[in-house]
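Notes for the one structure printed next.
The values are calculated or read from the model by the stated rules, or taken from the named source; none is laboratory data. Remember, it's a predicted structure, so these values are computed and weren't measured experimentally. Glycine gets a Cβ as well: all are built from the backbone with ideal geometry, and neighbour counts include every protein chain shown. Remember, those area values only see protein heavy atoms, side chains included, never the ligands or the DNA or RNA. Shrake-Rupley method; radii C 1.70, N 1.55, O 1.52, S 1.80 Å.
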Amino acid sequence: MGKLRIAISSRLRGRTRLLRPLKVFHVGLLIAAGWPTLWALAATGLPGGFQDVNVVSGLSNPTAMQFAPDGRLFVAQQSGQLRVIKNGVLLSTPFISLTVNSSGERGLLGVAFDPDFLNNQFVYLFYTATTPSIHNRISRFKANGDLADTTAGEVVILDFDNLSAATNHNGGALNFGVDGKLYAAHGENANGTNSQTLNNLLGKIIRMNPVPDPTGQVPTDNPFFSTATGKNRLIWILGLRNPFTFSVQPGTGLTYINDVGEVTWEEIDEARAGRNYGWPTTEGAFSASSFPQFTNPVYSYRHSGTTPSGCAITGGAFYNPPVPTFPASYIGKYFFGDYCSGWIYSIDPNSPATVTQFAMAISFPVDLKVGPDGALYYLARGAGSVGKILPINPPPAAPTNLRVVP
């Protein structure tokens, strides 16, 4: 099993002579071509007093997940279906099934809920559209119970730049910030020059007012409002390779980006307006005096020879739930996972140089979220499942303002 896993990781990294050295689909989407589940064990290596619980199985090539404000968990499947987990059950009928291009790392890649969801029922999706040319898109849908409202239909919010023949480095994560703006991450489409230009939205994180009218989309305090043109004024930060996920800390707005590296480093970057993270000139930590125009990562780890090591940082979440159930020492910690090595580690934003192991042997984790119940949820692509890690004897839960899902 170990040798098989190493061999597949090597293939995902593009290290054989048969593949281009572009780290083709190392974030796991080659499994969509029909690769079998390599292992589907519960998480191991947990700290004392914690347990791993399977929430649901039966997902097909999941890519991302997000909790709705009412407590339901929505899971994106690469081939275009948005699935709903309600009261611990995976509903048989998808919320919506989109027509997508799912080649390589393309497909349905991100989901976010409007801050006023309980009133307006707006759901935002990031997916690879097939017409008129292949490109990634953000669209808004309206929920009607557990299904999309067919009367409201699809409202296109933003069309990203057309994609090249390269099917990797799409990013796809969506999150609302504490400022109420919608943030979206897009990879550089396997072309590093995209990351260092203000002439397209690739290799960037954008910040926008989520309205369909382009004239009202660009916040006037965006950092490149006066130097970029058109929709490129949406650029918030640049210099990223493949920001597969990013997480916003509740309350503070601190934002960490999980930027997937090439052949040596994986990195966590602290997002701030106007920053440039250096790709393709830099990867991992570098001398600030040599590249004063770039921002160093908060934390980075190598692909081999260190603990931890891995090949694709694909999920992250701050532990700040409405009702914490973890011991107090975990509050505010940032958990992050590696797709190839199947682990979860944590860092303290106040002292990020120290890393702590939390879980091992997860089957290709692609996303992490902290649930309203105080558990740490992980999306295991290899097993087609959602699991959660929680204390064996959590403290009594205090009342929350979440309504019961009917």
- request: At 1.4 Å probe size, with no ligands or nucleic acids counted, give the accessible surface of Y256 in Å², nearest ten.
  value: 0 Å²
field: Ranked by how many other beta carbons lie within 10 Å on average, peptides 371-380, 261-270 from highest
entry: 371-380, 261-270
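Label the stretch 291-399 by shape, choosing from rounded, prolate and oblate, from the square roots a ≥ b ≥ c of the eigenvalues of the Cα gyration tensor; if a/c is under 1.5 it is rounded, and otherwise prolate applies when a/b is larger than b/c, oblate when it is not.
It is oblate, given that a/c is not under 1.5 and a/b is not larger than b/c.
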message: Largest first and in whole Å, what are the equivalent-ellipsoid semi-axes of the stretch 94-222 based on the Cα gyration tensor, each being the root of 5 times an eigenvalue?
response: 24, 19, 12
message: Using the alpha carbons of the stretch 222-345, what is the convex hull volume per residue in cubic angstrom, as a whole number?
response: 135 Å³
- request: Would you give the gap between the C-alpha center of the stretch 217-286 and the C-alpha center of the stretch 148-165, rounded to a whole Å?
  value: 23 Å
- prompt: Working out 0.36 nm times the residue gap between L91 and N191, then minus their Cα-Cα distance, what length gain in nm do you get to one decimal?
  reply: 32.1 nm
message: Let me understand the stretch 45-120 better: what is its radius of gyration from the alpha carbons, and its Dmax, in angstrom?
response: 14.3, 45
query: So how much accessible area does I157 have, in Å² to the nearest 10, using a 1.4 Å probe?
result: 10 Å²
- prompt: Using the scaling law 2.2 N^0.38 Å as the reference, what is the normalised Cα Rg of the chain?
  reply: 0.91
- request: Could you tell me the distance between the Cα centroids of the stretch 107-134 and the stretch 327-400, to the nearest Å?
  value: 25 Å
Surface per residue (accessible, 1.4 Å probe) for the stretch 139-206, Å²: 34 Å²
- prompt: Given a 1.4 Å probe and the protein chains all in place, what does the accessible area of C311 round to, in Å² to the nearest 10?
  reply: 10 Å²
Cα lying deepest toward the dipole's positive end in the stretch 173-332, options G230, T193, P308, charges on Cβ: G230
message: Under a crude label model (7 Å from the Cα following the beta-carbon direction), how far is A273 from N119 in nanometres?
response: 2.5 nm
- prompt: So, in nm, how far is label D149 from label T264 when the simple model puts each one 7 Å beyond its Cα toward the Cβ?
  reply: 5.2 nm
field: Heavy-atom accessible surface of the chain: percent carbon and sulfur, 1.4 Å
entry: 53 percent
query: How many nm is it between the label spots at T227 and A353, if each spot is 7 Å from the Cα in line with the beta carbon?
result: 3.1 nm
